[in-house]
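Working notes, beginning with the structure itself.
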Amino acid sequence: MDIQFVAQIDVSADVVAFPVRKGEAEALGALLGAAAAQARFDGSAGSIAETAALDGEQAKRLLLVGIGEGSEHDLERGGAALTAKLQTSGATEVHVDFAGTGPSDADDVLAFAMGARLRNWRLDTYRTRLADKAKPSLNTVIIASPHGDLSARWAANEAIAEGVAFTQTLVAEPPNILYPESFVERCQHLADLGVELEVLDERQMKALGMGALLGVAQGSTRPPRLLAMRWNGGNPGDAPVVFIGKGVTFDTGGISLKPGPGMDMMKWDMGGAGAVAGAMKAIAGRKAKANVVGVVGLVENMPDGNAMRPGDIVTTMSGQTVEVLNTDAEGRLVLCDAISWAQKTYAPRVIVDLATLTGAMVISLGHEYAGLFANDDTLAADLIAAGEASNNKLWRFPLSPAYDKLIDSPIADMKNIGPREGGSITAAQFLKRFVDEGVAWAHLDIAGMAWADKDGPVYAKGATGYGVRLLDRYIAAKHEG
Ligand code: BES
Ligand code: ZN
Ligand code: ZN
């Protein structure tokens with residue numbers, strides 16, 4: 001979808017939208033005021049009222065779009081609601097009149113545009129019988145505002161929106177199409193943005209001693225991959241920030257098989273890796289002045305004659321051994337080797353990992369916040385702030401030696417599960433055992449956030465793209481300039 005910025009509304013446009021703040025619908029003039037009153041439209045963020053008018057011979061479609069209190073998130077919500085309303089409505093173009101209603105600044109206009117753009121993502125690849133009237137029609141949003149040409153500033157937002165859309169596609173793709181090797185292929189185009197890609201195959205991972213990641217992968221006929229995406233936008237000598245993603249392209253649970261109903265949802269068990277890949281696309285796309293590396297551990301967790309058994313002991317790249325008591329607690333086994341490799345390869349000062357790691361996280365926080373675990377208060381605060389700013393919210397959970405004790409094993413250095421209680425915390429404690437002294441580390445358990453069963457503020461139900469804007473904001477706020 002193309003977003004354009006112009007100074008004045010085109011009077012011949014036949015679809016026109018008016019952003020309206022909460023409580024300002026009365027000031028709209030006779031026609032729009034009546035339309036608002038009849039539809040009980042009050043300007044709440046994301047609400048829409050539509051009416052038609054005759055302008056000479058021409059019938060016009062007029063929409064009132066609620067932008068609430070006018071906060072950044074309200075404006076995004078408004079733009080998103082407009083796209084949702086018009087996407088398959090037959091309209092190809094909509095003109096948005098930011099010049100007429102209420103005070104606005106350039107940031108407001110850009111936020112509205114961002115919402116409109118984000119909400120446009122959808123995946124139609126597999127719908128061969130979509131009726132013509134159900135196909136997307138909207139392709140251009142033309143925004144009139146008195147703030148001059150915003151296209152240069154918009155370019156950065158567009159790069160971020162493309163990162164989010166990339167993540168949504170990766171997350172939504174079915175597991176027969178998206179598996180470790182094809183995930184890597186999907187990321188190859190990042191090289192065009194200047195991202196350096198490095199791919200490790202099974203043989204190389206074996207040589208490095210990644211027994212935990214390989215243990216998960218061994219039940220699948222799909223070979224695992226470790227993918228590193230490096231963006232060098234900062235000072236050449238600066239240690240990079242490393243993002244690490246859990247990329248389990250399908251999680252059956254392995255021999256500790258998950259129940260059948262709902263198992264299809266585990267196609268998005270690569271949501272952490274998807275977020276990292278999308279964040280790299282955003283960061284490189286807007287040429288961020290920072291050194292950032294995204295590392296994703298890609299495996300499929302399957303039951304098989306060759307699969308890992310409950311009771312197996314694997315040796316991780318760090319040398320520490322793990323008694324695998326439940327093959328469904330596989331994400332931590334993938335992440336621990338990815339963390340060790342990233343530390344050895346990049347000597348980062350900061351690591352942030354993202355993973356759809358535990359069902360317990362969804363029980364704790366539902367679908368509003370992702371869980372945050374960190375060994376560093378500054379990093380935690382910075383990520384929480386980036387999360388608030390980007391509406392990818394985070395809530396911090398504790399770490400402590402008392403929880404750590406719960407994963408001691410009588411036969412190996414640790415086991416891969418703790419008791420049922422506090423399951424998200426013991427998972428985080430497990431990862432912490434692989435983080436080197438002096439590294440600021442945060443773990444984001446996004447199990448409740450990668451996928452939504454109902455429409456959200458800037459996405460339709462399905463893949464949310466959670467994490468991309470959070471990581472991008474964090475880099476913009478803390479590692480550029
Ligand atoms: N991928 C799941 C976690 C998950 C569950 C994500 C639901 C999103 C929605 C993870 O690999 C898993 O199965 N974890 C187990 C851990 C347990 C065996 C200690 C869980 O949460 O049940
Ligand atoms: Zn699992
Ligand atoms: Zn999993």
### Query
Sequence-distant or interchain residues sharing an amide H contact under 5 Å with Val96, placed H: which?
Ala17, Ile142, Ile143, Ala144
#### Entry: On Cα atoms only, tilt of 106-118 relative to the major axis of the chain in degrees
60 degrees
### Task
Provide the packing ranking of 327-334, 131-138, 276-283, i.e. peptides ordered by the mean count of other C-beta atoms within 10 Å per residue, highest first.
276-283, 327-334, 131-138
## Note on the structure
In degrees, nearest 10, the alpha-carbon axis of helix 331-346 is tilted away from the dominant principal axis of the alpha carbons of the chain by 90 degrees
### Query
Efficiency by 1/(1 + (r/R0)^6): what FRET value for Arg309 and Ala477, r their Cβ-Cβ distance, R0 = 41 Å, to the nearest 0.05?
0.35
### Task
Report relative contact order for the chain in percent, whole number only (criteria: Cα-Cα under 8 Å, sequence separation at least 6).
15 percent
### Task
May I ask for the angle, rounded to the nearest 10°, between helix 151-172 and the longest principal axis of the chain, with both axes built from Cα atoms and the value confined to 0 to 90°?
50 degrees
### Amide H contacts under 5 Å for Gly247, placed H, 5+ residues apart
Ala273, Gly297, Val299
### Message
Positive end of the dipole of the chain, charges at C-beta (+1 Lys, Arg; -1 Asp, Glu), about the Cα centre: which of Leu227, Asn306, Ala39 has its Cα farthest in that direction?
### Response
Asn306
### Message
Cβ neighbours within 10 Å, averaged per peptide: list 84-91, 248-255 in order, most packed at the top.
### Response
248-255, 84-91
### Query
When Tyr126, Tyr179, Tyr466, Tyr369 are ordered from fewest to most other Cβ atoms inside 10 Å of their Cβ, what list results?
Tyr126, Tyr369, Tyr179, Tyr466
#### Entry: In order through segment 377-385: 3J(HN,Hα) via Karplus (6.51 cos²θ - 1.76 cosθ + 1.60), integer Hz, x for Gly, Pro
5, 5, 4, 4, 5, 5, 5, 4, 5
### Query
Residue by residue through segment 71-82, which ³J(HN,Hα) values in whole Hz follow from phi under the Karplus form 6.51 cos²θ - 1.76 cosθ + 1.60 (θ = phi - 60°), with glycine and proline marked x?
6, 3, 5, 5, 5, 4, 4, x, x, 5, 5, 5
### Task
Once you've got the Cα coordinates, tell me which of Lys246/Lys287; Lys258/Lys287; Lys415/Lys461; Lys135/Lys258; Lys85/Lys289; Lys22/Lys289 are over 32 Å apart.
Lys258/Lys287; Lys415/Lys461; Lys135/Lys258; Lys85/Lys289; Lys22/Lys289
### Task
Over the chain, consider all pairs of different Cα atoms and compute the Kirkwood hydrodynamic radius from their mean reciprocal separation; express it in Å, one decimal.
23.4 Å
### Query
Which value in nm describes the separation of the simple spin-label points at Ser409 and Lys287, placed 7 Å from the Cα toward the beta carbon?
5.0 nm
### Extended-chain gain in nm, criterion 0.36 nm per residue less alpha-carbon gap, Asp10 and Leu197
62.8 nm
### Check: segment 158-478 dipole with +1 on Lys, Arg Cβ and -1 on Asp, Glu Cβ, in debye
320 debye
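Just so you know, all these numbers are worked out from the coordinates, no wet-lab data involved. Source: prediction; values computed, not measured. No Cβ is skipped: glycine too gets one built from the backbone with ideal geometry, and neighbour counts run over all protein chains shown.
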